[in-house]
Number of protein chains: 4
Amino acid sequence: MIRFECDYLEGAHPLILQRLAETNMEQTPGYGTDIHSENARRLICAACKAPKAKVHLLVGGTQANAVVISSVLRPHQGVICADTGHINIHESGAIEAGGHKVLPIPSKDGKLHAAAVKVCCDNHYQDDSQEHMVQPAMVYISQPTENGTLYSKEELHQLAAICREYSLPLYLDGARLSYGLASPKNDLSLPEIAALCDIFYIGGTKTGALFGEAVVITNPALQKDFRYLIKQHGALLAKGRLLGIQFETLFTDDLYMRIARHAVDMALQIKTALTEKGIPLFYDSYTNQQFPILTRAQADTLAHDFAFSHWMHTADEKTVIRLCTSWATLPEHTAQLCNAIRSRL
Amino acid sequence: MIRFECDYLEGAHPLILQRLAETNMEQTPGYGTDIHSENARRLICAACKAPKAKVHLLVGGTQANAVVISSVLRPHQGVICADTGHINIHESGAIEAGGHKVLPIPSKDGKLHAAAVKVCCDNHYQDDSQEHMVQPAMVYISQPTENGTLYSKEELHQLAAICREYSLPLYLDGARLSYGLASPKNDLSLPEIAALCDIFYIGGTKTGALFGEAVVITNPALQKDFRYLIKQHGALLAKGRLLGIQFETLFTDDLYMRIARHAVDMALQIKTALTEKGIPLFYDSYTNQQFPILTRAQADTLAHDFAFSHWMHTADEKTVIRLCTSWATLPEHTAQLCNAIRSRL
Amino acid sequence: MIRFECDYLEGAHPLILQRLAETNMEQTPGYGTDIHSENARRLICAACKAPKAKVHLLVGGTQANAVVISSVLRPHQGVICADTGHINIHESGAIEAGGHKVLPIPSKDGKLHAAAVKVCCDNHYQDDSQEHMVQPAMVYISQPTENGTLYSKEELHQLAAICREYSLPLYLDGARLSYGLASPKNDLSLPEIAALCDIFYIGGTKTGALFGEAVVITNPALQKDFRYLIKQHGALLAKGRLLGIQFETLFTDDLYMRIARHAVDMALQIKTALTEKGIPLFYDSYTNQQFPILTRAQADTLAHDFAFSHWMHTADEKTVIRLCTSWATLPEHTAQLCNAIRSRL
Amino acid sequence: MIRFECDYLEGAHPLILQRLAETNMEQTPGYGTDIHSENARRLICAACKAPKAKVHLLVGGTQANAVVISSVLRPHQGVICADTGHINIHESGAIEAGGHKVLPIPSKDGKLHAAAVKVCCDNHYQDDSQEHMVQPAMVYISQPTENGTLYSKEELHQLAAICREYSLPLYLDGARLSYGLASPKNDLSLPEIAALCDIFYIGGTKTGALFGEAVVITNPALQKDFRYLIKQHGALLAKGRLLGIQFETLFTDDLYMRIARHAVDMALQIKTALTEKGIPLFYDSYTNQQFPILTRAQADTLAHDFAFSHWMHTADEKTVIRLCTSWATLPEHTAQLCNAIRSRL
């Protein structure tokens, strides 16, 4: 069985394991105050061209979202997101457990559009009894989205403009940010993202780390006391060096982007095979996730040799599957999958 | 200006004020342990034919909803409701502040249908990664709904059956329950509601009380320690007797239903005038709220002499207004409104 | 049985009931936007000589504390109080339910001293791992304290100075504020309290209202969006006029202070009788609560004709009782109690 | 500089790193559903002789405490602990952020005694207004305590008996459980702990793992839906295998106890040196932490060559320091420290 069902099937990129082994007997203070964490933070600020940003290394994505959102909002405030947003669906109510309503806006492509944010805010503030409703006070987006789609530079500028107009901190969930940055359709650089967002995180778990997400806070007004929030959420790793070493490694010699480019390259080979075969795609993704729409027979055929995840059923009894690539995807496995698509579907 | 914009414009029904005055110098213990509260609880149990139910008298509806829902749910659980439900829109995130996601289901008429609840639960429990999502664990409905529509006995039976199948406590928000019970379209008695729901509240604020909502817990499994929850929410009134005296009065000599029948009678006279005039109604309500769709000119004309509330704008630039009646609505004011509808719109 | 067990045994001062009756048929908008509420807010600002303060009328004290504290603190922050503070003991965890730790400081007299606040903050900020601990970020005091003792002007100045030094909003719970203001030992005026505190509330429930506490926010930085918080806590009364009318009445013709002076006068007559009889007092209170230490035999004797509340047992098997007076305490009842103390204990 | 300041200075025991490297390219499903996690859970159940227990592998201790406590308590309930308990002091209000008051009981040795729990519960339930106070509903202890002291079998039996009498789940925080089990003063086995506690966790972070704490739920009534709670707290590690592999390694060939015995052996050599030198110990610890009381001069002398942590200052201007050992403590380093104690202090 060759596995394409997600991008966290293996342990970690070998360089990361190697660095963990090399540093194992170093003695360092805990909780992220060690020199590796310090170095990782410095490297990330440099990559973002945001020297005054504050960087915090956390273990996981749901954790990062919960810490960030609870740090930013007052109790009566909610966070706007696309209804497909991870915080709205797949975090077991972590945001609500922190006391905040998620304010979902219907989205077809997984993206949140500036115009929709404006309508949401206008509706709120034009209502005479606005205090009877949750105040929209923050915007959450994912880049790439949960569907593999990408915000363009133009779209992110528009969103950021609306956010500033309504005093909404703009927060970008970058669980798969590397794959967005490495996509041929992408026109946004990491420094541009850092300049447009108030806060965002750079995902490590899905880009070759054992675990780890780097939260970058560029807006100085949101930086205060963030470590208290991390600790309160049980997210302050005792051996914080583990996060430091991993991000240090990822942000040295361009490893982070090398991993991502490889995975996107693999995914686009698969996309080409699917498209050439005439198999429709549920989302038009140019990142490491592909969402072909298969007949049941096609899905069964593919399942003989390949593992993938089921995304949803369509109204006409077809099935949308998800194929993921990563740093660990072998070119020969990709070739086998492409051959199977071409010859057997 | 004759006012129809809501059902809580005045103080209280004169009998209630009179009883407050008559009992004013009685000395009673606090926090609902007085004889008037005891008597009110007994009268309500009798009216519900639920001798083992526990009744708690609270001050307001949002408060009652927050206390009830936080008492019933564990942290990972959410409450299903129609997307028009009061808890989803008009309670400033009170449910989320208690840690729980509201799980809204789209609804055209304000009602939640048993089939939709079943689909919601099946989708959840058939998902392999169900623990990544909020668990549906309670159902919230309003009777009448926020739109003035009513659940039939058949519909409530179906909902209750689904709720029992999936172990979901069924909670009914009766902020305007009296007007449902008094509606000519209603086929549900208070004892039937008590038998079908696990917990519900009987609204006083909108039926002639100064304030007050009586929470009735019929399911013994949900009765434990409820007073702690009331106190924790700041909802345990020091002079609890005030609630006791008011509900004692409402549930003596059928005052509660007499108030409601009068208000519904007034509202249906208005509905008849609107219908005869050919003015469309946004919801087909047989309770004390009416929702005519007016042209801007018609709304302006009416606004000369009558106060009403704006409900929403339609796509074709018309406006939906809300007209409410109550115990205090004078027959001559209703007649003037009907005349205006007939002669000036 | 003549009752002295608390100061909320009866309904309301007759003038309040009279005003509720006189205004009963007025039609007003809801949620505190009516003219009576507006007028009450204006009268309270005037009494506080704080024209820019924002005043909000709430139903109860636990509710007021929960709304205020959740409005002021960020999630990682806690509120310092004396360990005898109401929020620490008698609010069923309302503050913790809002996510915040109460940081109690041991107190013998119910008061929180500036030096202790300073030590608490210094200990926190001098700790290398301060982010592992809850950040002290607000100070809660009661005036009079739960024990009937009073902060002097000097003490409140010292507290306010420390609070400003450490950026801690100073919040004063004035559930029985009237009785503090009316005490012969008091040297603090309402305008001085308003000038020294960032936020406080003026209690109505225990000073002749049916219910009601007026939250006064003098610090402009704490005024934003407060009504959302009120609504979220289920504390926005639909018929807000009821609060408006009551505080309007209390702050007209000095009724609020007339009630308090009467009650304190009654209490001090009792104190004199106790002292002359040689009965020790657990706290040296000059407000409407008195805490004599009785032998079991004395307590039994008194209980024949008088109701009081048991406060605690002492190590030497004596019992501390609480005697309370209010607007409704009759001089002849007080005289009977004093006679009983003098002749029968 | 030879470091003794904590037990998480290095990476991980070499066997753990080796196993992570060996398994790195295995492809496994996420979120703890892999075979290594399954195997680890089986090994832990076997070590506890608790075949029906449910085991969940989490990343950190504060996280484990927050998940467990929020899973067990209803909103009005609090958790009893010694005032020195980690949840009371060093978790940044994580328990309160989940809505629950921590109910601290003063403790001199870091232990919670059965009699004190009984008094706490009796005081609560004998109070007429118990619903105005947080209900004690769970007991938290640490073994060893934060001070290095140990509960005896007799003490744990007494606690468990009181907990059952008052229906309080007994929860044991085993962040350093291994060092308790390995102490010569210990008379409690892991199966006995499993039988006496309703829920506990076995710490990995401080016993040679990179990170990881194994929560063991022996009481079936507390097992339901626990994974939802883990996910909601952001504690469901995507690559859950990392936890599985680590605990698999620790619970194979007795590694977990071998690590602990070594560390305790090193610590007791230090204790002997201190005692023989006549240096007083603040707590009488027989685990891997030692707390000598030094004069300032002694502390300065020791600090030339050894790192340790400052625990507190005593009233007589001495300083209590903490010395910790671990799997990584070298015998020659321990010998150097003992020599320094004997010859230079």
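Modelled this way, with points 7 Å down the Cα-to-C-beta line, the labels at residue B:303 and residue A:38 are 6.6 nm from one another. Annotation: per residue accessible area for segment C:77-116 equals 31 Å², rounded to a whole number [probe 1.4 Å, protein chains only].
So which residues of segment D:233-274 lose at least 10 Å² of accessible area, probe 1.4 Å, when you go from the chain by itself to every protein chain present? SASA drop of 10 Å² or more in segment D:233-274: D:233, D:234, D:236, D:237, D:238, D:239, D:241, D:242. Counting only Cβ charges, +1 for Lys and Arg and -1 for Asp and Glu, the dipole size of segment A:123-242 around its Cα centre is about 840 debye. Over segment B:166-263, the fraction of Cα-Cα pairs per 10 Å bin, rounded to whole percents and listed from the shortest bin up, is 14, 43, 34, 9.
From the convex hull of the Cα coordinates of segment A:255-327, what is the mean projected area in square nanometres?
If I average the Cα hull's projected area over directions, I get 4.9 nm².
When only DSSP loop residues count, what trypsin sites (Lys or Arg not before Pro) in segment B:1-97 have their Cβ near at most 13 other Cβ atoms within 10 Å? When the trypsin sites (Lys or Arg not before Pro) of segment B:1-97 are filtered for loop state and at most 13 Cβ neighbours within 10 Å, B:49, B:52 remain. Taken residue by residue and averaged, Cβ atoms of other chains lying within 10 Å of the Cβ of D:94-107 number 6.
Restricting the count to DSSP beta bridges whose residues both fall in segment C:148-219, what percent are antiparallel, rounded to a multiple of 5? So the antiparallel bridges amount to about 55 percent of the total. Where is the GNM fluctuation largest for chain D (alpha-carbon springs, 10 angstrom cutoff): D:130, D:77, D:63? Comparing D:130, D:77, D:63 in a Gaussian network model of chain D, the most mobile one is D:130.
Only one residue of B:251, B:210, B:234 has its Cα farthest out toward the positive end of the dipole of segment B:203-274, where Lys and Arg carry +1 and Asp and Glu -1 on Cβ, and that residue is B:234.
Neighbouring Cβ atoms from other chains, within 10 Å of the Cβ of residues in D:21-28, number 5 on average. Shape analysis of segment A:194-344 yields a ratio of the Cα radius of gyration to the Kirkwood radius, Rg/Rh, of 1.09. Spin-label pair residue C:195-residue C:52: with each label point 7 Å from Cα along the Cα-Cβ axis, the two points sit 1.5 nm from one another. Per the Debye formula with a single identical scatterer at each Cα and no solvent contribution, what log10 I(q)/I(0) holds for segment B:9-116 at q = 0.15, 0.18, 0.20, 0.24 Å⁻¹? Log10 of I(q)/I(0), two decimals: -0.91, -1.06, -1.12, -1.24.
Taking the inverse of the average 1/r across all pairs of different Cα atoms in segment C:28-79, what Kirkwood radius in Å do you get? Over segment C:28-79, the inverse of the mean reciprocal pair distance is 12.9 Å. Classify segment C:2-57 as rounded, prolate or oblate from the Cα gyration tensor: take a ≥ b ≥ c as the square roots of its eigenvalues, call it rounded if a/c is under 1.5, otherwise prolate when a/b beats b/c and oblate if not. It is oblate, given that a/c is not under 1.5 and a/b is not larger than b/c.
Between residue B:272 and residue A:115, the simple spin-label model (points 7 angstrom out along Cα→Cβ) gives 4.8 nm. Summary value for segment A:15-94: 17 percent relative contact order, contacts being C-alpha pairs under 8 angstrom separated by 6+ residues. Counted as membrane-span-like here are DSSP H helices of chain C whose alpha-carbon atoms extend 24 Å or more along the helix's own axis and whose Kyte-Doolittle mean is 0.0 or above; these are C:255-276. Of all lysines in the structure, those lying under 23 Å Cα to Cα from residue A:277, and not within fewer than 8 positions of it along the same chain, are A:185, A:318.
In this view, the solvent-accessible surface of residue A:72, computed with a 1.4 Å probe and all protein chains in place, comes to about 30 Å².
From the largest down, segment A:100-184 spans 47, 22, 21 angstrom on the principal axes of its Cα atoms.
Starting from the Kirkwood Rh over alpha-carbon pairs, what translational D in µm² s⁻¹ does chain A have by Stokes-Einstein at 4 °C and 1.567 mPa s? Roughly 62 µm²/s, to the nearest whole number.
Between the C-alpha center of segment C:8-86 and that of segment D:233-263 there is a gap of 55 Å.
For segment C:1-125, please report how many Lys pairs fall under 27 Å Cα to Cα, leaving out neighbours fewer than 8 apart on the same chain. The partial results should precede the final answer.
Numbers: C:49/C:111; C:54/C:101; C:54/C:111; C:101/C:111; C:101/C:118; C:108/C:118.
The result is 6.
Working note: Cα atoms of segment A:64-121, range along each principal axis, descending, whole Å: 27, 23, 15. With only the Cα atoms considered, the protein assembly as shown has a convex hull volume of 179 Å³ per residue.
Order the following by accessible area, largest value first: D:76, D:262. Probe radius 1.4 Å; ligands, DNA and RNA are ignored.
Reading off the accessible areas and sorting them downward yields D:262, D:76.
With a 10 Å cut-off around each Cβ of C:61-68, the average count of Cβ atoms from other chains is 3.
For the pair residue A:22 and residue A:125, a Förster radius of 51 Å applied to the C-beta separation gives a FRET efficiency near 0.35, rounded to the nearest 0.05. Binning all Cα-Cα separations of segment B:140-195 at 5 Å, short to long from zero, yields these whole-percent fractions: 4, 20, 32, 26, 12, 4, 1. Our summary gives chain D a relative contact order of 25 percent, counting only alpha carbon pairs under 8 angstrom and 6 or more residues apart.
Per DSSP H run of n ≥ 4, the term is -39500 (n - 2.57); total these for the protein assembly as shown, divide by its residue number, and report the mean residue ellipticity at 222 nm rounded to 500 deg cm²/dmol. When only DSSP H runs of four or more count, the value is -12000 deg cm²/dmol.
Its Cα gyration tensor gives segment B:235-296 an equivalent ellipsoid, and the semi-axes of that ellipsoid, as √(5λ) in whole Å with the largest first, are 35, 15, 7. The calculated FRET efficiency for the pair residue A:281 and residue A:187, based on their C-beta separation and a Förster distance of 22 Å, comes to about 0.55.
The values are calculated or read from the model by the stated rules, or taken from the named source; none is laboratory data. None of the values given here were measured: they were computed from a predicted structure. Positions of Cβ are generated from backbone atoms using ideal geometry, with glycine treated the same way; all protein chains shown enter the neighbour counts. To get the accessible areas, we keep the full protein, side chains included, count just its heavy atoms, and leave off ligands, DNA and RNA. Shrake-Rupley method; radii C 1.70, N 1.55, O 1.52, S 1.80 Å.
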